[in-house]
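Structure record follows, encoded as structure tokens.
Every number in this text was worked out from the coordinates using simple rules, so none of it is lab data. A quick note: this is a predicted structure, and the numbers were derived from the prediction, not measured. No Cβ is skipped: glycine too gets one built from the backbone with ideal geometry, and neighbour counts run over all protein chains shown.
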Amino acid sequence: MRPLAPTNPMLGVLAAMMAFLAITDGLAIPAMIQVTGLSVWTSVGAGLAAMLVAFAAAGVVRRPWGWVLVVVALAAALALGFLTDMMFVMAGIFTLLVVIVFILGHRLESR
């Protein structure tokens, strides 16, 4: 399917969701340290990398290649699930929300 038009109002919702995903990725850092027992450097490195990708996706979501960065941000959140199990659930929730935004955005464009 084609990406949403740059004027679609659902892209603002998607940008906000990517910002919330970045916050969620950041909150996974203490969980990786306390619950999983990973080293501080591994947890901070993985969490910050996922945060940066999600914040970048929030900033460029209106560009045609912004959707690629959204998918990479979701994949990074899913990859954090291999470090702490709760991120599998959170990545699944955010992926479901992105799919819903995509479907609703196309419905808005067809009107």
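Quick notes
- Cβ-Cβ contacts under 9 Å between residues 6 or more apart (or on different chains), taken from a first residue in segment 56-70 that is under 14 Å from PHE102 (Cα atoms) to a second residue that is of a type in the set (Phe, Trp, Tyr), are listed as VAL61/TRP67; TRP67/PHE102.
- Segment 25-55, residues that are surrounded by 21 or more Cβ atoms within 10 Å (Cβ to Cβ), of a type outside the set (A, V, I, L, M) and touching a residue at least 40 places away in the same chain (Cβ under 8 Å): ASP25, SER43
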